[in-house]
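These notes are about the structure you will find just below.
The values are calculated or read from the model by the stated rules, or taken from the named source; none is laboratory data. It should be emphasised that the depicted structure is a prediction, and the values quoted were computed from it without experimental measurement. Please note: Cβ atoms are built from the backbone with ideal geometry, for glycine as well, and neighbour counts cover all protein chains shown.
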Amino acid sequence: MLTGNEEDSDRLRESLSLNISKKQGEDAIRVLAKLKLLNRGLAPQTADDTLHVPLSRAPQLAEQKQLDRALGKQTLSQEKFPSRSQTLASLEQVLAQQLPSSIIPLISKSFDVIGDIAIIELSPATEPFEKNIAEALMKVHKNVKTVYSKAGPVTDSQRLRPLHHVLGPNRTETIHKELGCRFKIDISKAFFSPRLSTEHARVAEQVRPRECVVDMFAGVGPFSILIAKRLEDVQVHAIDANPEAAKLIRENAMMNKVQDRVKVWTGDARTVVKNNLLGVATRVIMNHPSQSREFLHPACETLRREGGIVHYYTFADGLESESNARKELSAALDNSDWKIEKNIETRKVRGVAPMKWHIAVDAKLAPA
Ligand SMILES: C[S@@+](CC[C@H](N)C(=O)[O-])C[C@H]1O[C@@H](n2cnc3c(N)ncnc32)[C@H](O)[C@@H]1O
């Protein structure tokens, strides 16, 4: 048995389990979900360094081969798991009373909650039931007061998505709590994704006292403000070309009482660096995955002469996604005065499409 004591045992359910190292947990869950092998009614469990993921059925031979290719070493065993919190089941239960049963499996379970606003995904089949879905969501998630649906792809530069108001007050502004910080967010005016919170924490934890960090694409400031909140003795330069985002960073810096160490710049990161921030940074954050590559030169220019750390983000797909992301960074430095002194870590931040990921490459850069 993986968890629980005698009292818990009657709440545990037996299931086939895929066992894999914790480090590969996110990848495993993504691949299993894609193969429809994930048992979503039960909660994965950890024991020492192993993650046990409940399966809905045994993988077929071809599926097992896919798992082996994507994940490498893993084992299967029979384990006991606790039921998941009733959230998903209840959403389905609430909807089951109102909608045709053929519609229930088509409802996307992936939605974002930002403050008290939920953003859902609808398809042509589920759109006619948008109000029922939003109502059920608000019943299950009592903190959600307003629901919007995605109404198109994100724009290239500001990373904003058109939204359609479904239910609740038609208000796009909210306060979102992340990692002990509070953020004022306007989902119609500036980019924010709650799915990046682990990444915000991961980068912030690496920053040491007396560093100078340039956050080139700061959004509403989740990296910048968390870094400044964790360390008193730090200087952060938060840049965003979207004036609405820059305005929100200023407000968020005040709200989190870190305005003395977060300097906000409104404008194109290239121009801001060239005019104000040459040779100052120990670390640069480049979270604009669709365009980071074009900004690598100014990222190098803002680093101190002895070099520093770059958190480079990109999108990459396929089995070689991580090494391709590293190659992209290295190629972008060709014909420049800079080189990679050390590849520190490469990590899949989140899946953005089947077998396509938002990838982080942390590297130490130095003059060539
Ligand atoms: C993917 S968002 C990242 C936001 C933030 N780092 C986060 O983790 O939430 C990219 C941000 O880059 C900003 N941006 C786009 N082009 C820019 C440019 N040329 N210079 C500075 N900021 C830019 C957008 O307005 C957007 O807020």
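The table for this structure:
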{"read-out": "Any hit, the stretch 234-251, residues being in a helix (DSSP H, G or I) and touching a helix residue (DSSP H, G or I) at 6+ places or on another chain (Cβ under 9 Å)", "value": "yes"}
{"read-out": "Residues satisfying the stated conditions in the stretch 190-236, i.e. under 20 Å from Leu248 (Cβ atoms), basic (Lys, Arg) and within 12 Å of the chain's Cα centre (by Cα)", "value": "Arg195"}
{"read-out": "Tally, over the stretch 111-157, of residues that are among the polar types (S, T, N, Q), away from the ligand (no atom under 16 Å from the Cβ) and closer than 25 Å to Asn287 by Cα", "value": "1"}
{"read-out": "Selected residue (only one of Ile239, Ile187 is within 24 Å of Arg305 (Cα to Cα), crowded, with 21+ Cβ neighbours inside 10 Å and within 16 Å of the ligand (Cβ to nearest atom))", "value": "Ile239"}
{"read-out": "Selection status of Val213, touching a helix residue (DSSP H, G or I) at 6+ places or on another chain (Cβ under 7 Å), assigned by TED's automatic domain parsing to the domain that holds Gly351 and assigned to a loop (DSSP other than H, G, I, E, B)", "value": "no"}
{"read-out": "Output for the stretch 259-288, where each listed residue is within 20 Å of Leu231 (Cα to Cα) and small (Gly, Ala, Ser)", "value": "Ala281"}
{"read-out": "Test: residue in the stretch 253-269 that is more than 9 Å from the ligand (Cβ to nearest atom), under 21 Å from the mean Cα position of the chain (by Cα) and not in a loop (DSSP other than H, G, I, E, B)", "value": "no"}
{"read-out": "Residue in the stretch 311-321 that is closer than 16 Å to Ala269 by Cβ and of a type outside the set (Ser, Thr, Tyr) present", "value": "yes"}
{"read-out": "Pick from the stretch 280-318, criterion of a type in the set (D, E, K, R) and within 15 Å of the ligand (Cβ to nearest atom), ranking: farthest from Val207 (Cα to Cα)", "value": "Glu294"}
